[in-house]
Structure formats: structure tokens, C-alpha cells
Amino acid sequence: RQTRLPAGTFDHVLVLGNSLGYIIEPDADLLILQESLRLLKPGGWLLLDVSDGDAACTKITPQAWHEIGDDVVVCRQRELSEGRICAREMVLSKKEGLIRDQTYCIQLYGADQLADLVMRAGFVDVRIHTDASAIHASLDVGCMNHRLVTVARKP
């Protein structure tokens, strides 16, 4: 929200992998986008990658697991509430045991909500690409699938 980098320095700003949506404070995501705008040169571009909130609400189940290779199992417990998904994710090795156990919440945005937020931050020429999925499988691999990729320009 406050990078302390000089204004108007960059041609491109990338906000990737659900970096938007983790901070609970009101307007935190708007402040991140406004800081991105401040950092850009006139005519510079923003690329924003977040979970597709509409897809998450319809495709993500409360409990899911999948295997990665022969050794790793990923287990998730999730709850959707008030436009947020809260999850506990455990990553286990069949050979070594627990690798990671983390809990997180993410604000979910649909394409229209995200476009509105980006425009409120001051960007123009907002284009949102839906269902930019890295994994096209029937597996529920969590919020890193079913993405909204947004590009927008600083006037």
C-alpha cells in the first residue's frame, strides 16, 4: 500500500497470485491499486491476477484433496462467507509427514466487481480475461485455478 518507491517510475506493475484480497482492512485493495497507479508512468500498464470469485462460489467444495506426484497430498477445508473464502490447507508428504499447515482468507471478486475497483483506483482501458486457468482438470486445486487476469492502463 506504501512502497516508498518513486512515483511514475515503472512501465508495468504486476500484482500476481492473489496478492490482492488478503488484507481485511476496508479499502486495503483499493489502496494497493492506487499505489500501483502512482508507481506507473503515464500510459503504463497494470497486470492483475486474482481468483475468479464467481467461479470459486460455484466450483470450490468445502473439503477437497488432490495428489501431486507419488508423494504429496494437499488437503483443504474451506468456508465461503460474505464474499471471502477462508481455508485451512495442509500439504503432506507420504514419506516425510507434514510439509505445511496454513490458514488464510481471501476477498473474492467477480469480474464486474474487480473492474469497478480497478476503475475506482484511476485506471482506464480495463480488460478482464475470465477463466484463465493454469490447470484444466476436474481436480479441485483451490484458488490458484479459475483466475481473473486484468490489464488496465494509467491515463
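The values are calculated or read from the model by the stated rules, or taken from the named source; none is laboratory data. Please read these numbers as outputs of a predicted model, since none were measured by experiment. FYI the Cβ positions are ideal-geometry reconstructions off the backbone, even for glycines, and counts take in every protein chain you see. Ligands, DNA and RNA are excluded from the accessible area calculation, which covers all protein heavy atoms including side chains. Shrake-Rupley method; radii C 1.70, N 1.55, O 1.52, S 1.80 Å.
Across the stretch 1-109, C-alpha contacts under 8 Å between residues 6 or more apart give a mean separation that, scaled by the residue count, equals a relative contact order of 24 percent. Spin-label model, GLU82/SER19: points 7 Å from Cα along the beta carbon direction are separated by 2.7 nm. Across the stretch 50-64, the residues whose backbone nitrogen lies under 16 Å from the label position 7 Å along the beta-carbon direction of GLN113 are 50-60. The heavy atoms of VAL13 present about 20 square angstrom of accessible area, all protein chains included, probe 1.4 Å. Computed over protein heavy atoms with a 1.4 Å probe, the accessible surface of the chain works out to 57 Å² per residue.
At full extension, THR3 and THR58 could sit 16.3 nm farther apart than now, given 0.36 nm per residue minus the alpha carbon distance. Using a Förster distance of 35 Å, how high is the FRET efficiency between ILE99 and ARG153, based on the Cβ-Cβ distance and rounded to 0.05? The calculated FRET efficiency here is 0.30.
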